[in-house]
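Quick notes on the structure that follows.
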């Protein structure tokens, strides 16, 4: 059986989520870096017609969209299941994934993370207005994730799920920004959750260099 291939930059939150799923399942995979300049050019455009990341390949099967890839990984490979069979936990997992995708990414990754962590590396101007506008939205996302998690060990239940793997890169990046520490301090349960995730082997072996 061929190793799965993940196409995209290691620092991308979505690429990282995909790799976390593979690592949690104990699946050795290959990461093929794709630069921002290559997103909308061939050959990457043939893998992902919309010019985004990640793209995925396994045994001749091509796939894109992070949620689809993560579910494929969980259902295709043996190992600890990352989706509960309990309908409430399964639905909560899907809800949290949706929150991260629809609201978390724009506020945390695009609004704060890009300007604080990516723009300086690329020599781009930091948009302070965009950061200021993103902070209240990020605060709401964190508050809702904390509320839904409650007293549980993980976001959607007692065991790790795809919801945790979807949220972890975003919240880790947020924690590395000046805005992130006070925002996470407002939700101590979520901060403790992030520290537990950081201690997992899957997180350590997929963590992007320099982060």
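Values computed for the structure shown
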| quantity | calculated |
| --- | --- |
| Förster-model FRET efficiency, 35 Å R0, residue 148 and residue 42, C-beta, rounded to 0.05 | 0.25 |
| Least to most buried among 211, 70, 11 (fewest other Cβ within 10 Å first) | 211, 11, 70 |
| Fewest-first sequence of 128, 179, 24 by Cβ atoms within 10 Å of each Cβ | 128, 179, 24 |
| Peptides ranked, highest mean first, by Cβ atoms within 10 Å: ranges 89-96, 16-23 | 16-23, 89-96 |
| Residue-span extension gain [residue 95 to residue 201] - 0.36 nm each, minus C-alpha spacing | 35.6 nm |
| Alpha-carbon centroid distance for the pair the stretch 126-156 / the stretch 26-81, whole angstrom | 27 Å |
| Fraction of beta bridges assigned by DSSP in the chain that are antiparallel (%, nearest 5) | 75 percent |
| Estimated FRET transfer efficiency (residue 140, residue 110; beta-carbon r; R0 22 Å; 0.05) | 0.90 |
| Virtual spin-label span in nm between residue 127 and residue 50, 7 Å along Cα→Cβ | 1.9 nm |
| Helix-only mean residue ellipticity at 222 nm for the chain, each DSSP H run of n ≥ 4 adding -39500 (n - 2.57), per residue, nearest 500 | -14500 deg cm²/dmol |
| Global form of the stretch 103-211, assessed from the alpha-carbon gyration tensor, a/c cut-off 1.5 | oblate |
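Each reported figure results from applying straightforward, stated rules to the coordinates on display, with no laboratory input. Not measured: the values here are computed from a predicted model. Neighbour counts are summed over all protein chains in view; Cβ atoms, including those assigned to glycine, are modelled from backbone coordinates with ideal geometry.
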